[in-house]
Amino acid sequence: MSPRRTQQVYQLKITLMGIEPPVWRRVLVSGEATLYDLHKVIQMAMGWTDSHLHQFIVCDEHYSIPSLDDLSPVKDERKYRISQIAPRPGSKFVYEYDFGDGWQHEVVVERIARFESEFRYPVCLAGERACPPEDVGGVWGYRAFVEAMRNPKHKEHRHYKDWWGSGKFDPEAFDLIEANWSLQQIDAIEWWDEVEDEGKWWLDEEGEEGE
């Protein structure tokens, strides 16, 4: 996923929608990366565990891994590169994760730059606040979780503490070093490669959509 020196690098700001104050990450990624690559970057930079389905929504078009169970047309995210669906600074699209909890992320192209050799791409430049726990119940469930966890006298405090099971939860916590360590582990997750390999034949040598 690391770009060649001739490639463009996209600076993206990823913001979890519906949460205040916002949970966000700023990343650099090759414009030649596919949407499936970007899915992996968002998962690792945000702190999700890729335990649920996902999709990208770009100008009312849906991109994901097609399935026979799809109720509406879905474009194969392994066939499309970031540079194709977001060609200029200011381009925006949505990444949705976990259709039950309905986590939507706004992805904005902040700038497009040239390859810089001092970075190992993808890289997280900045971010704020912790990723919500998996299966917490979406925006409303997360708000209830945070409120109960920060107040030992809250009637739901014991329930959420037992459910969380990992000690204290700090919604303001974000570790940039950990985020970048996670991004560098992407290539070591073998089952991601298996899914990616299934779609490689869709891309020709120039990186355009195959027919």
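Table for the structure above
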{"read-out": "Conditions (1) at pLDDT 95 or above; (2) surrounded by 12 or more Cβ atoms within 10 Å (Cβ to Cβ); (3) not polar (S, T, N, Q); number of the one not met by GLY199", "value": "(1)"}
{"read-out": "Test set (1) under 23 Å from LEU16 (Cβ atoms); (2) modelled with pLDDT of 60 or more; (3) not acidic (Asp, Glu) - TRP192 fails condition number", "value": "(2)"}
{"read-out": "Where a residue in segment 154-168 is surrounded by 15 or more Cβ atoms within 10 Å (Cβ to Cβ) and its partner, wherever it lies, is aromatic (Phe, Trp, Tyr), with Cβ under 8 Å and at least six apart", "value": "TYR160/PHE145; TRP164/PHE145"}
{"read-out": "Residue match in segment 114-125 (condition: of a type in the set (Gly, Ala, Ser), within 16 Å of GLN11 (Cα to Cα) and at pLDDT below 95)", "value": "yes"}
{"read-out": "Failed item, numbered, when ALA179 is tested on (1) loosely packed, with under 14 Cβ neighbours inside 10 Å; (2) not in a loop (DSSP other than H, G, I, E, B)", "value": "(1)"}
{"read-out": "Residue match in segment 94-116 (condition: closer than 25 Å to GLN185 by Cβ, without any contact (Cβ under 8 Å) to a residue 40 or more places away in the chain and of a type outside the set (Val, Ile, Thr))", "value": "no"}
{"read-out": "Selection within segment 65-83 - closer than 16 Å to VAL94 by Cβ and modelled with pLDDT of 85 or more", "value": "VAL74, LYS75, GLU77, TYR80, ILE82"}
{"read-out": "In segment 132-154, residue farthest from VAL23 (Cα to Cα) [restricted to those that are over 23 Å from the mean Cα position of the chain (by Cα) and assigned to a loop (DSSP other than H, G, I, E, B)]", "value": "LYS153"}
{"read-out": "Residue match in segment 35-44 (condition: part of a helix (DSSP H, G or I), among the hydroxyl-bearing types (Ser, Thr, Tyr), touching a helix residue (DSSP H, G or I) at 6+ places or on another chain (Cβ under 9 Å) and farther than 24 Å from ALA173 by Cβ)", "value": "yes"}
{"read-out": "Verdict on ARG88 being assigned to a strand (DSSP E or B), over 16 Å from ALA45 (Cβ atoms) and of a type outside the set (S, T, N, Q)", "value": "no"}
{"read-out": "Test: ALA113 is surrounded by 22 or more Cβ atoms within 10 Å (Cβ to Cβ) and in the same structural domain as GLN185 (by TED's automatic domain parsing)", "value": "no"}
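The values are calculated or read from the model by the stated rules, or taken from the named source; none is laboratory data. Remember, predicted model here, so these are calculated numbers, not experimental data. Please note: Cβ atoms are built from the backbone with ideal geometry, for glycine as well, and neighbour counts cover all protein chains shown.
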